Amino acid sequence: MKSGIKSHMSGWLSFSRTRGVMLAVLILVVLFTLGNPYFLTTRNILGLLRAMSSLAIMAMGELLVIVAGEIDLSVGAIYGLGAMLFGILLLQGIDPHVSFTLALLLGVAAGGVICFLVTYIRIPSFVVTLGIMTIAQGISLMISNARAISPAFMLPPGHEDAIAFFRGLAGFQLPFNFPGQIVWMFVVTIVIGMLLNRFLFGFRLKSIGGNLEAAKLIRLPVRIYKFYAFALCGLLCSLAG
């Protein structure tokens, strides 16, 4: 009976916290609407969703790491490095599909390195990812010579296919001027939500993050699942970039 009461209280507290956040967001929406009648227009809402799409995709990757009981401070740096590598490879004349794949693999590799240092060398993820963040930022500055890269404007004539691929990744629009970035955000959010709530992977990842010692006692492959979490986080950061 006591366990039932505790479970009920825990569920109520979780609901209360969520309700509080939703109430705060609703108040902000009302205040912004009163201050500017154009705030709730379709154009502005789509613009806001488009602006937050990259951040939301990275947040889905960070969510996996947090559920696993770790933290990743390098998401922003991997985001920038993935985008920079993709742009540099395009300017070097590399096939856009290959460039895109290599940029994604970079994120996976970064996640793998982080996981190795955290699970095998046993360095706290806070320290590891702080260092990886600095390294990734340095590599981005080094390969770009500390300058902005925009393949859509810097590629010479004759590379129309690469330019079309570059712009088509997220620059496309659906009917009613619906930005393509929002489509990416919704797809990633749905996939990660299903992964965490509808598959064994999510159940085990929550078990590892909730009680690491218990997960080891029942012989869950902790290192493998943490690798998946960090690798998917890096992949989504590169994808967002």
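The values are calculated or read from the model by the stated rules, or taken from the named source; none is laboratory data. Source: prediction; values computed, not measured. Ideal geometry is used to build each Cβ from the backbone, glycine not excepted, and the neighbour counts take in all protein chains shown. Keep in mind that these areas ignore ligands, DNA and RNA; they rest on the heavy atoms of the full protein, side chains included. Shrake-Rupley method; radii C 1.70, N 1.55, O 1.52, S 1.80 Å.
Here is a list: ILE208, ILE192. Which entry is of a type in the set (A, V, I, L, M) and either under 18 Å from the mean Cα position of the chain (by Cα) or assigned to a loop (DSSP other than H, G, I, E, B) (or both)?
Details: ILE208 fails: either under 18 Å from the mean Cα position of the chain (by Cα) or assigned to a loop (DSSP other than H, G, I, E, B) (or both).
Going through ILE208, ILE192 in turn, just one is of a type in the set (A, V, I, L, M) and either under 18 Å from the mean Cα position of the chain (by Cα) or assigned to a loop (DSSP other than H, G, I, E, B) (or both): ILE192.
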Selection count, the stretch 174-189, where residues are in a helix (DSSP H, G or I), of a type in the set (Phe, Trp, Tyr) and either open to solvent by less than 30 Å² (accessible area, probe 1.4 Å) or within 20 Å of LEU239 (Cβ to Cβ) (or both): 2
Where a residue in the stretch 119-130 is surrounded by 12 or more Cβ atoms within 10 Å (Cβ to Cβ) and its partner, wherever it lies, is part of a loop (DSSP other than H, G, I, E, B), with Cβ under 6 Å and at least six apart: SER125/GLU70; SER125/ILE71; PHE126/ILE71; THR129/ASP72; THR129/LEU73; THR129/SER74; LEU130/LEU73
Given (1) open to solvent by less than 50 Å² (accessible area, probe 1.4 Å); (2) within 16 Å of the chain's Cα centre (by Cα); (3) within 12 Å of GLY234 (Cβ to Cβ); (4) not hydroxyl-bearing (Ser, Thr, Tyr), index of the condition ALA109 fails: (1)
Number of the condition not met by SER150 [criteria: (1) out of contact with any helix residue (DSSP H, G or I) (no Cβ under 8 Å at 6 or more places or on another chain); (2) farther than 24 Å from LEU73 by Cβ; (3) in contact (Cβ under 8 Å) with a residue 60 or more places away in the chain; (4) of a type in the set (Gly, Ala, Ser)]: (1)
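Starting from residues that are assigned to a helix (DSSP H, G or I) and not charged (D, E, K, R), keep the ones in the stretch 195-205 and report whichever is surrounded by the most Cβ atoms within 10 Å (Cβ to Cβ).
Our first condition is that a residue be assigned to a helix (DSSP H, G or I); within the stretch 195-205, this holds for 195-197, 200-205.
Okay, now just the ones that are also not charged (D, E, K, R), so 195-197, 200-203, 205.
Working: LEU195: 17, LEU196: 17, ASN197: 10, LEU200: 8, PHE201: 15, GLY202: 17, PHE203: 12, LEU205: 24.
Filtering the stretch 195-205 for residues that are assigned to a helix (DSSP H, G or I) and not charged (D, E, K, R), the one surrounded by the most Cβ atoms within 10 Å (Cβ to Cβ) comes out as LEU205.
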Candidates ALA146, ALA103, filtered to the one that is at pLDDT 75 or above, more than 28 Å from GLU213 (Cβ to Cβ) and either assigned to a loop (DSSP other than H, G, I, E, B) or of a type in the set (Ser, Thr, Tyr) (or both): ALA146
Lone qualifier among ALA136, ALA164 - being of a type outside the set (Phe, Trp, Tyr), open to solvent by less than 70 Å² (accessible area, probe 1.4 Å) and within 15 Å of ALA110 (Cα to Cα): ALA136
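Residues in the stretch 56-73: is at least one over 30 Å from GLU213 (Cα atoms) and either of a type in the set (S, T, N, Q) or under 12 Å from the mean Cα position of the chain (by Cα) (or both)? Before the answer, list the steps.
Going residue by residue through the stretch 56-73, those that are over 30 Å from GLU213 (Cα atoms) are 56-57.
Among the residues that remain, those that are also either of a type in the set (S, T, N, Q) or under 12 Å from the mean Cα position of the chain (by Cα) (or both) are: 56-57.
For the stretch 56-73, residues over 30 Å from GLU213 (Cα atoms) and either of a type in the set (S, T, N, Q) or under 12 Å from the mean Cα position of the chain (by Cα) (or both): present.
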Among (1) modelled with pLDDT under 85; (2) over 19 Å from ILE45 (Cβ atoms); (3) within 18 Å of the chain's Cα centre (by Cα), the one test that ALA215 misses: (3)
